[in-house]
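The structure appears right after this line, and notes come after that.
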Amino acid sequence: ETGVTQTPRHLVMGMTNKKSLKCEQHLGHNAMYWYKQSAKKPLELMFVYSLEERVENNSVPSRFSPECPNSSHLFLHLHTLQPEDSALYLCASSQDPGGGGEQFFGPGTRLTVL
Amino acid sequence: AQSVTQPDIHITVSEGASLELRCNYSYGATPYLFWYVQSPGQGLQLLLKYFSGDTLVQGIKGFEAEFKRSQSSFNLRKPSVHWSDAAEYFCAVALSGYSTLTFGKGTMLLVSP
């Protein structure tokens with residue numbers, strides 16, 4: 001595997017389910033990100049991790065819970081989601097935290113909440 | 001807070017014609033500027049970036065962008081569009097090398113035969 005991979009690519013879940021999204025980067029980067037991409041809205045940064053420490057949390061509801069066990073893996077745990085949480089969730093990584101360096105994106109997980 | 005405006009939601013261009021996608025930003029200083037492209041079902045790929053120096057930046061796939069400080073703009077151009085360029089294009093800014101990216105809403109490029 002190369003670059004940034006995300007699993008699953010598609011996920012349908014009920015409002016009472018618990019699921020997790022997984023992201024893995026094979027680039028040796030130190031920072032990882034979760035973004036939410038909804039139709040007709042700009043990409044929304046959700047979480048930033050640098051060297052496994054959370055450095056930014058953009059007022060994301062607690063029903064989204066990130067986990068970064070090491071610098072290569074990032075998870076987004078989901079529980080009791082709402083239909084408006086349906087979106088494409090993108091993971092990205094960069095050599096260092098912040099926007100000065102290029103961010104490499106995974107293909108995303110298309111989430112549908114019923 | 002900084003903001004990014006991409007005024008065109010959709011643009012249709014004939015194959016072989018030239019392309020210009022507009023991006024304006026709102027911030028007092030010169031930010032770091034980026035253009036990303038997203039093909040259907042894919043993540044975002046960096047086309048080019050501007051930090052300082054020459055205001056005309058060359059990127060991948062034959063794209064270029066010009067930074068104009070007086071207009072707070074960073075427009076993306078390509079002299080001859082190919083059908084494979086059909087995708088969504090995002091402009092993004094960062095305040096510095098260590099601040100996070102702010103994205104515009106994107107411009108969807110359609111290429112007609």
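The values are calculated or read from the model by the stated rules, or taken from the named source; none is laboratory data. Given the structure is predicted, the values throughout are model-derived calculations rather than measurements. Because the Cβ atoms are built from the backbone with ideal geometry, glycine has one as well, and the counts that use them run over all protein chains shown.
Considering (1) at pLDDT below 95; (2) surrounded by 21 or more Cβ atoms within 10 Å (Cβ to Cβ); (3) within 11 Å of chain B (Cβ to nearest Cβ), say which one A:ASN58 fails and leave the rest.
(2)
Mind checking which residues of the range B:74-103 are modelled with pLDDT under 95 and closer than 14 Å to B:LEU21 by Cα?
Correct list: B:ALA92 only.
Residue check, A:MET15 against (1) within 16 Å of A:LEU81 (Cα to Cα); (2) more than 15 Å from the chain's Cα centre (by Cα); (3) within 13 Å of another protein chain (Cβ to nearest Cβ), all met but one. Which one?
(3)
Tally up the residues in the range B:9-18 that are out of contact with any Leu (no Cβ under 7 Å at 6 or more places or on another chain) and more than 13 Å from every other protein chain (Cβ to nearest Cβ), please.
Summing the residues that are out of contact with any Leu (no Cβ under 7 Å at 6 or more places or on another chain) and more than 13 Å from every other protein chain (Cβ to nearest Cβ) in the range B:9-18 gives 5.
Just to be sure before I move on: is A:LEU27 more than 27 Å from B:SER3 (Cα to Cα), outside any helix (DSSP H, G or I) and more than 14 Å from the chain's Cα centre (by Cα) in the structure I sent?
yes
Identify, from the list B:GLN58, B:GLN2, B:GLN45, the residue that is under 21 Å from A:PHE105 (Cβ atoms) and under 14 Å from the mean Cα position of the chain (by Cα).
So the residue among B:GLN58, B:GLN2, B:GLN45 that is under 21 Å from A:PHE105 (Cβ atoms) and under 14 Å from the mean Cα position of the chain (by Cα) is B:GLN45.
For the range A:1-52, give me each residue that is among the charged types (D, E, K, R) and touching a Cys at 6+ places or on another chain (Cβ under 7 Å).
The one that is among the charged types (D, E, K, R) and touching a Cys at 6+ places or on another chain (Cβ under 7 Å): A:GLU52.
Which of the residues belonging to the range B:1-51 are β-branched (Val, Ile, Thr) and farther than 14 Å from B:GLY62 by Cα?
B:VAL4, B:THR5, B:ILE9, B:ILE11, B:THR12, B:VAL13, B:THR30
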